[in-house]
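The values are calculated or read from the model by the stated rules, or taken from the named source; none is laboratory data. All values derive from a computational prediction rather than experimental measurement. Counting neighbours? That spans all protein chains shown, and the Cβs are built from the backbone with ideal geometry, glycine included. Surface areas here come from the heavy atoms of the whole protein model, side chains and all, with no ligands, DNA or RNA. Shrake-Rupley method; radii C 1.70, N 1.55, O 1.52, S 1.80 Å.
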Amino acid sequence: MVHRLPPATLVDRFEFLSGLAAGRRVVHVGFADTGCADANTQAGAWLHAHLDRTARALVGIDVDAAGVENARAQGYDAHVVDCRDIDAVHALGLAPADVVIAGEVIEHLDDAGRFLDGLHALIADDGVLVVTTPNATGLVNAFASLANYEVNHPDHVAMYTCHTLDELLRRHAWEPVAHHVFLQQVKARGDGSFRAGVFTSGARAVLAIERLLARMGRPYSADGLIVVARRA
């Protein structure tokens, strides 16, 4: 029951994914950032825009119809589809992707296995799947729990460790080939209270510790996890 974790490197999520997408055909699943789109756009943190600068071709897929329509109005190629519906994914008729990025999606799903099954319909035989998700072993929540708090999006229903995500991928015909970690962004809470300031300052201090530990060879203390996989 004790599992040795694979090597992992600390990366900047935007730089790493943009580099992986460079010159390739990319499908970005969950691209609309439902609930966070305005804040991320204003902060320059909308991943889809970063990918658009480097990818040879970029297609966005999301279940958020309004988000897809907004992206289309901006000139993006985007489609409404639930990747858990394999027939619906096939019906899109998309050219196979060199890279499929499922960014911060899997933790929202209560049937993640069907989602991973559906992604096979999007990818070329020699393509790669990239899954990013919060890391259950990250230090932010470990420290927050000491004060009886949890830091989590209200729509999340799961938290993955490296081992559990790898195991889930293998059960659905994906073989993990590389692992990376990243630091989450700290966004100050808007109420301006003393307690909000303490939480924000505390989170930034913990992230600094995570960065130091990653450089010392303890990467899985970071709060973001990236797994690159190929078809098994």
Margin query: Taking every DSSP beta bridge with both residues inside the chain, roughly what % is antiparallel (nearest 5)?
Written below: 40
Notebook entry, point to check: Roughly how many Å² is the accessible area per residue of the chain, as a whole number, for a 1.4 Å probe?
Noted result: 51
Check: Residues with amide H under 5 Å of A136's amide H, sequence separation 5 or more or different chain, H placed in the peptide plane at 1.01 Å from N; which?
Finding: Y160, T161
Notebook entry, point to check: Where in the chain are the DSSP H helices whose alpha-carbon span along the long axis reaches 15 Å or more and whose Kyte-Doolittle mean is at least 0.5?
Noted result: 194-215
Note to self: Give me the net charge for the shell around L169: Cβ to Cβ below 13 angstrom, other residues only, Lys and Arg +1, Asp and Glu -1.
What the structure shows: 0
Margin query: Under 8 Å for C-alpha pairs, at least 6 residues apart: give me the relative contact order for the chain, rounded to a whole percent.
Written below: 22
Notebook entry, point to check: With each label point set 7 Å from Cα along the Cα-Cβ vector, what nm distance links R4 and A73?
Noted result: 5.4
Item checked: Cα gyration tensor, region 78-183 - rounded (a/c under 1.5), prolate or oblate -> prolate
Item checked: Nearest-20 debye value, region 1-146 charge dipole, Cβ charges on Lys, Arg, Asp, Glu -> 460
Margin query: Once neighbouring chains are kept in place and the probe is 1.4 Å, which whole percent of the accessible area of the chain is contributed by carbon and sulfur?
Written below: 53
Notebook entry, point to check: Whole-Hz Karplus ³J(HN,Hα) for region 77-87, in order, using 6.51 cos²θ - 1.76 cosθ + 1.60 and θ = phi - 60°, x for Gly and Pro?
Noted result: 7, 8, 9, 8, 7, 9, 5, 6, 9, 4, 4
Item checked: Rounded D (µm²/s) - the chain, Kirkwood Rh over Cα pairs, Stokes-Einstein at 4 °C, 1.567 mPa s -> 71
